[in-house]
Amino acid sequence: MNCTCELQFALSEEIEGNVYIYYGLTNFYQNHRRYVKSRDDLQLLGQLSSTVSIDCEDYDYAIVDGVKKAIAPCGAIANSLFSDSFKIFNDKKKEVPVLRTGIAWPSDKAVKFHNPPGPDLKEVFYLSLEDEI
């Protein structure tokens with residue numbers, strides 16, 4: 001599903017320095033108790049296994065070529081990727097540069113999330129329920 005939203009706004013005064021933009025979505029329930037738990041923390045740390053956390057139920061295994069394989073990353077969170085992008089324009093319709101780096105918490109990058117070892121991540125992160133035949 002592709003949706004585009006355009007929001008026009010006017011600033012009543014000039015802003016010096018950094019500007020942070022926050023937004024909210026309605027009817028997008030990513031804070032539900034079961035949804036928030038539906039992940040495998042060891043997978044997110046880069047440790048893959050043929051068995052996954054019970055919290056990934058319904059999004060845990062796929063049958064590929066007749067063989068049951070663990071989905072990586074498993075769980076409802078991984079199955080419902082939300083992707084957004086932003087462009088901001090000034091009153092002359094010229095795009096305003098937006099800093100797109102440094103937005104992840106350093107603790108998440110250093111401690112909580114790691115890719116599994118190996119040169120080709122496509123070999124690791126290729127399974128999904130849609131792969132089932």
* Asked: Do the sum for the chain: with -39,500 (n - 2.57) for every DSSP H run of n ≥ 4, divided by all residues, what is the mean residue ellipticity at 222 nm, to the nearest 500 deg cm²/dmol?
  -> -1500 deg cm²/dmol
* Structure fact -> proj_area_mean for the chain (convex hull on C-alpha atoms), units nm², value 11.9 nm²
* Asked: In what sequence do 55, 41 fall when counting other Cβ within 10 Å, fewest first?
  -> 41, 55
* To do: Using Cβ-Cβ distances only, list the Cys residues of the chain with no partner cysteine under 4.7 Å, sorted by number.
  => 3, 5
* To do: Search the structure for amide H atoms under 5 Å from the amide H of residue 71, placed 1.01 Å from N in the peptide plane, and list their residues when 5 or more places away or on another chain.
  => 61, 62
* the range 76-114 residues near the modelled residue 15 label - backbone nitrogen below 20 Å, point 7 Å along Cα→Cβ -> 84-104
* Asked: Length gain on complete extension for the stretch residue 112 to residue 58, per 0.36 nm per residue less the alpha carbon to alpha carbon distance?
  -> 17.1 nm
* Asked: By a straight-distance test (C-alpha under 15 Å), which aspartates and glutamates pair with residue 93 as possible cross-link partners, with residues fewer than eight away in the same chain excluded?
  -> 6
* Extending each Cα 7 Å along its Cβ direction at residue 49 and residue 89, get the distance between those two points in nm, one decimal. => 5.2 nm
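Taken together, the values in this text are just the output of simple stated rules run on the coordinates, not laboratory data. Only a predicted model underlies this, so the values are computations on that prediction, with no experimental measurement involved. Quick reminder, even Gly has a Cβ in these numbers, built from the backbone with ideal geometry, and neighbours come from all protein chains shown.
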